[in-house]
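Beneath this line is the structure, given in structure tokens, with notes to follow.
Quick note: the coordinates plus some simple rules give every number you see, no bench work behind them. Quick caveat, the model's predicted, so the values are computed rather than measured. A quick note on method: Cβ atoms are made from the backbone with ideal geometry, for glycine too, and the neighbour counts reach across all protein chains shown.
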Amino acid sequence: MNRLKIKNLQKTYKNGVTATNNISLDITNGMFGLLGPNGAGKSSLMKTIAGLQSPDSGSILFNNVDIIKDPSFIKRQLGFLPQDFGVYPKINATDLLNHIAILKGLTNKNERKEQVNILLEKVNLTSHRNKEVHTFSGGMRQRFGIAQALLGNPQLIIVDEPTAGLDPEERNRFNNLLNEIGEDIIIILSTHLVEDVKNLCTQMAIIEKGTVLAQGKPNDFIEVL
Ligand code: ADP
Ligand code: ADP
């Protein structure tokens, strides 16, 4: 069983905005929903967990390892699907995954090849393996992002508003994929969609203005949601 323990996380940006205000969370295997409106501090929290920015104070323990002090741990154990992926290089999906696998430290060529193929199959993109990712639809890009996040078999995956901009069919498809992979690892799903949290998550927290208002099971919140 994996365990992510966030304690008293504090982050104020240089412009004076406090994005995470004394946040503490205790998360175990399964899908964890981080629910909050735009500007609540979800992305800031995710980026901090992913090691992309450092907090002013507080600690993040993953399986008892302080990941703020040991960022190499994050590289090996964490998959991050950011909200905005930016620009894709002009190479096909297979080659791109392969390059990212190298960056993640998967040194064995045959193992890498095998994993890339398995992941493309898992996210249902095998038929598009030789196409460039920038030609993909939004839903395909997000599924590609999941394949990318799963490289190296991380125990913790963070997905930030993954279904924003997807049509209902692609959103369903994406959510089913999350459901499949979310049994033995921790998936943190950041969203402002109550429905997604209700349908997918076993645990959740409500975040507003940088503060966690409550943490529990979605059922505990049935009256508020
Ligand atoms: P950090 O404290 O993590 O180094 P900074 O406070 O230096 O981050 O912010 C980096 C830059 O990004 C700043 O110029 C900031 O104004 C800008 N920035 C990025 N996103 C936002 C946002 N959503 N709202 C306001 N400023 C932003
Ligand atoms: P959410 O993901 O829930 O929409 P964010 O973490 O993006 O929330 O933003 C929380 C608050 O921090 C917002 O007020 C936002 O404008 C501000 N913010 C985000 N990034 C930066 C930054 N780099 N510099 C300054 N302010 C930021």
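Multiplying the residue separation of T135 and K69 by 0.36 nm and subtracting their alpha-carbon distance yields 19.9 nm. Model label points for K217 and T202, set 7 angstrom from Cα along the Cα-to-Cβ axis, are 1.1 nm apart. Cross-link partners of K198 among aspartates and glutamates, defined as those whose alpha carbon lies under 13 angstrom from its own and excluding same-chain residues fewer than eight positions apart: D220, E223. Along the chain, the exposed loop sites are GluC sites (Glu not before Pro) outside DSSP states H, G, I, E and B with at most 13 other Cβ atoms within 10 Å, and the longest stretch free of them is 1-182. Exceedance of the 24 Å cut-off in Cα-Cα distance is limited, within the set K47/K109; K104/K131; K14/K209; K14/K90, to K47/K109; K14/K90.
Result for the chain in a Gaussian network model with C-alpha springs under 10 Å: among D167, D26, D196, the largest mean-square fluctuation is at D167.
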